[in-house]
1. Amide H to amide H, which residues 5 or more places from Ser189 or on other chains are under 5 Å from it, using H placed in the peptide plane?
2. Taking the alpha-carbon distance from Lys245 and a cut-off under 20 Å, which lysines remain once sequence neighbours fewer than 8 residues away in the same chain are dropped?
3. Using the Karplus curve 6.51 cos²θ - 1.76 cosθ + 1.60 with θ = phi - 60°, work out ³J(HN,Hα) for each residue of the stretch 78-91 in order, rounded to whole Hz, and write x for Gly and Pro.
4. Calculate, in nm to one decimal, what Glu143 and Ala82 gain on full extension: separation in residues at 0.36 nm each, minus their alpha carbon distance.
5. Once fully extended, how much extra length lies between Ala207 and Val257, figured as 0.36 nm per residue of separation less the alpha-carbon to alpha-carbon distance?
6. In straight Cα distance, which lysines are under 25 Å from Lys153, not counting same-chain residues fewer than 8 positions off?
7. Starting from the 7 Å offset along Cα-to-Cβ, what nm value, one decimal, do you get for the label separation of Arg249 and Glu123?
8. Pairwise over distinct Cα atoms, reciprocal of the mean inverse distance: report the Kirkwood radius of the stretch 1-52 in Å, one decimal place.
Amino acid sequence: MAEAVVRYLRDGRLDGEHAPALALEGSLQCCSLAAGAMLHVTAALASQAAAGKAQSRGLVVVAFDRSPEVYLKFMRRRGLDANALNRCVQILDCYTDPLGWKQKFQNRQHQENSTKQFSTNKENITVLRNVKDVNKMMYSITELGGGFEEEGKRYFSIAVDSISSLLRHASVPSISGLLSNLRSHEQVSSIFWLIHSDLHEPKVPRAFECLSTMVACVEPALVDPACVESPGSMSTLEQNYSKAKFIVRLKRRNGRVKHFDPCLCSMRTCMLREMMSNLILLLQVQK
């Protein structure tokens, strides 16, 4: 099912139409699986662009929830070398210093070591220090996307991870306008974003669903151990956080909605171990 989603984004836009848009919806109960699905789609689309099999010749990742190094490390594990990453991937870093506070502290302290701590020497990472300015974000995304090397028309794809984090700094209308303007941009081949639906009022995810042409929902595959009579064991907890249902809906051009059969997706062992170690650390802190 995930591969069908990647193919849909890979094929890109048709002449005279807006770029296809995927809304990937997760919840707190399976946030790790939703994040894993976002990383998988991002790396798969970047691999298709690097191999010349996609309409786009590059991918711009707008990173809110994770450090840019997480994306680069994951893509390297999926077979993309340094040359392919520098050629086909650009990351707009909204994670390191989203409000510019670190830069202000750096300028105030005038210390050389602070410059090394807060700056980056990566060619494909650009730090955005004011995520509240949606217009500046729009300009930065299109500028990065227009820099990919390609003869003729340069198409690029966009990944936003995540809308939920962006909503802490900007309003729903301004973000909706940003996504709509990106979809209608002549160089954008496809766009997809992640949103944690249960963190917002029901009308918020629905507003972004209206902007999308495909919706993929990641839902828990098992019952929450806290909801059953007997207390859940650690093995049950691991299964609950390692498996989820992947439900996809596609909006056709005639207005009809095609529902794909739900499939079961699982998290890789390394990602599961990392998530469980973070959970154990959280429990130790709460004690």
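Read-outs throughout are calculated quantities, based only on the coordinates presented, and are distinct from any laboratory measurement. These figures come from a predicted structure and were not determined experimentally. Cβ atoms come from the backbone with ideal geometry, glycine included; neighbour counts cover every protein chain shown.
1. Phe156, Ser157
2. Result set, ordered by chain and number: Lys258.
3. With coefficients 6.51, -1.76 and 1.60, one gets 8, x, 7, 7, 4, 5, 5, 5, 5, 7, 10, 10, 10, 10 Hz.
4. Working: separation 61, 0.36 × 61 = 21.96 nm, distance 2.16 nm.
Extra length available between Glu143 and Ala82 comes to 19.8 nm.
5. Numbers: separation 50, 0.36 × 50 = 18.00 nm, distance 1.67 nm.
Roughly 16.3 nm would be gained on extension.
6. Excluding near neighbours in sequence, the set is Lys53, Lys136.
7. 4.4
8. Details: mean 1/r = 0.0821 Å⁻¹.
For the stretch 1-52, inverting the mean 1/r across all distinct Cα pairs yields 12.2 Å.
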